[in-house]
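Right, one structure below, let's go through it.
The values are calculated or read from the model by the stated rules, or taken from the named source; none is laboratory data. Quantities reported herein were computed from a predicted structural model and do not represent experimental measurements. No Cβ is skipped: glycine too gets one built from the backbone with ideal geometry, and neighbour counts run over all protein chains shown.
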Amino acid sequence: MQAAVTVTPARIPELLLGLATVRPVFIWGAPGIGKSSLVREFAESLGLECVSLLGTQLAPEDLIGVPQIRDGRSVFCPPEAIARDEPYCLFLDELNAATPDVQKAFYSLILDRRIGSYELPKGSIVIGAGNRATDNALARPIASALINRLTHVHLEASPKDWLNWAAANGIHPWILDHLTDRPDHLWSKPPKTEEAFSTPRSWHMLSDALGSFGPDLDEETLKVIAHGTLTPAHAVAFCGYVKIVRSRFGIEAIIKGDARWPHRPEDRDLLYYLAESFRGRLVKELPVSKEHLSSNGLQTAYRAKALLVQLAEISVEVAQSVIAPDTDGNPLLPAWFLVEAARDMPRLVEARQ
């Protein structure tokens with residue numbers, strides 16, 4: 001299902017309070033952005049137990065129960081997990097990944113709030129969740145009759161919301177500091193190939209691993225766990241950040257001339273990270289129009305061109321990444337700076353020789 005309007009995690013409790021208490025709700029969102037946690041926390045806020053049913057691990061009989069003979073008639077007895085006397089939150093996780101037969105078994109729970117002769121206690125709420133087909137996750141079509149009986153909420157990852165949550169839940173300080181500087185690394189689109197990718201869940205996993213290994217974690221092990229949980233480019237950037245934390249390097253020192261670009265082959269991840277930080281600094285400090293360039297900005301532009309030359313002497317590829325456009329082909333740095341950089345490069349190179 002395509003999202004016409006998306007919401008951040010901070011808005012979910014308010015929306016569920018107004019929606020789920022009167023009608024079933026379905027939360028759409030990419031893997032690992034916190035759908036299940038939000039539902040459990042919402043149920044807890046209402047004082048309701050959250051009973052989760054995972055659509056991919058169910059058979060129809062797990063919902064409708066098995067028949068028993070009573071007074072000469074067969075009666076279907078719903079499972080104990082569903083048939084409760086007190087109101088609760090029934091969470092149908094990965095509902096749209098369930099087989100068509102299992103989805104049909106969910107119909108009566110969603111539409112009529114009952115299974116066989118058992119009816120959900122008054123005050124119970126029903127919430128479903130699932131990934132979208134565009135997320136390269138298992139997702140089957142939901143019948144239009146069922147779609148029309150659910151209120152649909154599309155969740156998006158929010159760095160601000162997650163960082164607020166992370167600060168209060170013991171997430172490793174390296175991750176907090178890094179994502180504060182690079183909030184765009186919190187989430188990445190699921191890849192079409194079988195490889196790790198960045199989500200709030202995977203950053204949480206990495207935090208747990210960092211805490212498990214402790215402060216004496218060596219560089220090679222850090223690379224293993226970072227690349228095992230994050231998008232490759234994000235893993236390289238995070239390892240570079242950690243190396244900065246542990247070393248004398250920093251983009252501020254390089255810009256001021258107190259330090260040089262790291263040039264050892266084993267510091268290539270650090271070089272990439274510093275180059276990204278350098279580009280971010282230029283995007284922030286250089287105006288779109290040269291007419292608005294201050295005297296400090298003029299010095300920044302001149303220093304930036306000299307640093308690009310130094311960076312290219314170590315790695316042309318890394319230097320090109322600083323001035324490269326974004327993934328959609330749009331330039332990130334001002335056009336006037338790119339023109340001047342191309343014009344002045346030969347002169348700057350000659351001056352260094």
All but one of (1) among the β-branched types (Val, Ile, Thr); (2) surrounded by 19 or more Cβ atoms within 10 Å (Cβ to Cβ); (3) at pLDDT 90 or above hold for Val51; state the number of the condition that does not hold.
(2)
Find the residue count for the stretch 3-49, including only residues that are in contact (Cβ under 8 Å) with a residue 12 or more places away in the chain and closer than 21 Å to Thr199 by Cβ.
24
Could you check the stretch 195-234 and list, in sequence order, the residues that are over 15 Å from the mean Cα position of the chain (by Cα), in a helix (DSSP H, G or I) and not hydrophobic (A, V, I, L, M, F, W, C)?
Asp208, Gly211, Ser212, Glu219, Glu220, Thr221, Lys223, His227
Subset of the stretch 146-163, residues out of contact with any helix residue (DSSP H, G or I) (no Cβ under 8 Å at 6 or more places or on another chain) and either closer than 18 Å to Ala235 by Cβ or not charged (D, E, K, R) (or both), comes to Ile147, Asn148, His152, His154
Checking Val288 against (1) surrounded by 14 or more Cβ atoms within 10 Å (Cβ to Cβ); (2) over 21 Å from Asp258 (Cβ atoms), which test does it fail?
(1)
I'd like the residue in the stretch 90-107 that is at pLDDT 80 or above and small (Gly, Ala, Ser) and, out of all such residues, is farthest from the chain's Cα centre (by Cα).
Ala98
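Residue under question is Pro262, and the condition is that it be crowded, with 17+ Cβ neighbours inside 10 Å and assigned to a loop (DSSP other than H, G, I, E, B); does it hold? Outline the logic, then answer.
Details: crowded, with 17+ Cβ neighbours inside 10 Å: yes; assigned to a loop (DSSP other than H, G, I, E, B): yes.
It is true that Pro262 is crowded, with 17+ Cβ neighbours inside 10 Å and assigned to a loop (DSSP other than H, G, I, E, B).
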Within the stretch 8-45, restricting to residues that are in contact with a helix residue (DSSP H, G or I) (Cβ under 7 Å, 6 or more places away or on another chain) and small (Gly, Ala, Ser), the one that is farthest from Phe91 (Cα to Cα) is Ala10
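Scanning the stretch 24-41 for residues that are out of contact with any Lys or Arg (no Cβ under 8 Å at 6 or more places or on another chain) and not in a helix (DSSP H, G or I), which turns out farthest from Ser158 (Cα to Cα)? If you could, list the steps in order and put the result at the bottom.
Within the stretch 24-41, the first condition is being out of contact with any Lys or Arg (no Cβ under 8 Å at 6 or more places or on another chain), and the residues that meet it are 25-26, 35-41.
Filter again for not in a helix (DSSP H, G or I), leaving 25-26.
Values: Val25: 21, Phe26: 19 Å.
Of everything passing the filter in the stretch 24-41, Val25 is farthest from Ser158 (Cα to Cα).
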Helices (runs of 4 or more DSSP H) wholly in the stretch 268-333 with at least 2 residues that are touching a Cys at 6+ places or on another chain (Cβ under 9 Å) - which ones?
268-285
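Taking helices (runs of 4 or more DSSP H) that fall entirely within the stretch 68-177, which contain at least 2 residues that are surrounded by 15 or more Cβ atoms within 10 Å (Cβ to Cβ)? Don't jump to the end; show me each part of the working.
Numbers: elements: 100-107, 144-147, 159-167.
In the stretch 68-177, the matching helices (runs of 4 or more DSSP H) lie at 100-107, 159-167.
Let's see how each residue does on (1) out of contact with any Gly (no Cβ under 8 Å at 6 or more places or on another chain); (2) assigned by TED's automatic domain parsing to the domain that holds Asp93:
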position: Ile147; (1), (2): yes, yes
position: His172; (1), (2): no, no
position: Leu206; (1), (2): yes, no
position: Val242; (1), (2): yes, no
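When you scan the stretch 185-208, do you find a residue that is among the β-branched types (Val, Ile, Thr), surrounded by fewer than 20 Cβ atoms within 10 Å (Cβ to Cβ) and at pLDDT 90 or above, even just one? Working first, answer last.
First, pick out the residues of the stretch 185-208 that are among the β-branched types (Val, Ile, Thr): 193, 199.
Of the ones still in play, those that are also surrounded by fewer than 20 Cβ atoms within 10 Å (Cβ to Cβ) are 193.
When the remaining residues are screened for being at pLDDT 90 or above, the result is none.
Scanning the stretch 185-208, I find no residue that is among the β-branched types (Val, Ile, Thr), surrounded by fewer than 20 Cβ atoms within 10 Å (Cβ to Cβ) and at pLDDT 90 or above, so the answer is no.
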Considering only residues of the stretch 79-89 that are under 14 Å from Tyr118 (Cα atoms) and among the hydrophobic types (A, V, I, L, M, F, W, C), which is farthest from the chain's Cα centre (by Cα)?
Ala83
